[in-house]
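For reference, the structure is listed below as structure tokens.
The values are calculated or read from the model by the stated rules, or taken from the named source; none is laboratory data. Since we're looking at a predicted model, the values are computed, not measured. Methodologically, a virtual Cβ is constructed for each residue, glycine included, from the backbone with ideal geometry; neighbour enumeration extends over all protein chains shown. For accessibility, only protein heavy atoms count, side chains too; no ligands or nucleic acids. Shrake-Rupley method; radii C 1.70, N 1.55, O 1.52, S 1.80 Å.
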Amino acid sequence: MNRIVFNKSLCVSCHSCEVGCSVIHSPEKSLISVMLEGVRPRIRIVYDDNKKTIVVEQCRHCKKAKCIEACPEKALSYDEEGRVVCSEKCTGCGACEKACPFYAIRVVESCIKCDLCKDVADFPVCVTYCPVGALTVKEVH
């Protein structure tokens, strides 16, 4: 399975990865669609005031995912490749969001989290959109 790796020393906090993520997950695959539909990115680049550094908030697809354990509806599970995915069973209760130690899940009407661009692209788009190479893909076993 792939994992996205973040190199904070290269990141310039341009948020291009967030834009790319939102566009690829939008209905029309366009920036206009993102704005009209309010599509949220599944990755966030934030400044951590406590640590005085830039951090990424994105699903790590943990082998023992606390979000899966916390979900009362069993809406989160592992797919055949080991990714943590959210199904239509999600009721939007927010238990997964509270359980995730990486702040990688947001609940609006249902859970929104990184899916490594499953079913929308052949490669994680956030990595492609990063102009400085701060995001890369690493194969993990």
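Let's see how each residue does on (1) open to solvent by less than 50 Å² (accessible area, probe 1.4 Å); (2) closer than 19 Å to S16 by Cβ; (3) touching a helix residue (DSSP H, G or I) at 6+ places or on another chain (Cβ under 7 Å); (4) of a type outside the set (G, A, S):
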position	(1), (2), (3), (4)
K113	yes, no, no, yes
C126	yes, yes, yes, yes
C130	yes, yes, yes, yes
L135	yes, yes, yes, yes
H141	no, no, no, yes
- Query: How many of the residues in region 8-36 are open to solvent by 60 Å² or more (accessible area, probe 1.4 Å) and either without any contact (Cβ under 8 Å) to a residue 60 or more places away in the chain or of a type outside the set (D, E, K, R) (or both)?
  - Reply: 13
- Message: Could you check region 59-83 and list, in sequence order, the residues that are in contact with a Cys (Cβ under 6 Å, 6 or more places away or on another chain) and within 16 Å of R42 (Cα to Cα)?
- Response: C59, C67, L76
- Would you point out which residue out of K98, K74 is part of a helix (DSSP H, G or I) and either open to solvent by less than 40 Å² (accessible area, probe 1.4 Å) or modelled with pLDDT of 95 or more (or both)? K98
- Meets criteria (of a type outside the set (A, V, I, L, M) and within 26 Å of H141 (Cβ to Cβ)) for N50: no
- Item | Residues located in region 33-71, provided they are out of contact with any strand residue (DSSP E or B) (no Cβ under 9 Å at 6 or more places or on another chain), under 27 Å from V23 (Cβ atoms) and assigned to a helix (DSSP H, G or I) | S33, V34, M35, L36, E37
- Query: Residue check: is A99 over 22 Å from V46 (Cβ atoms) and not acidic (D, E)?
  - Reply: no
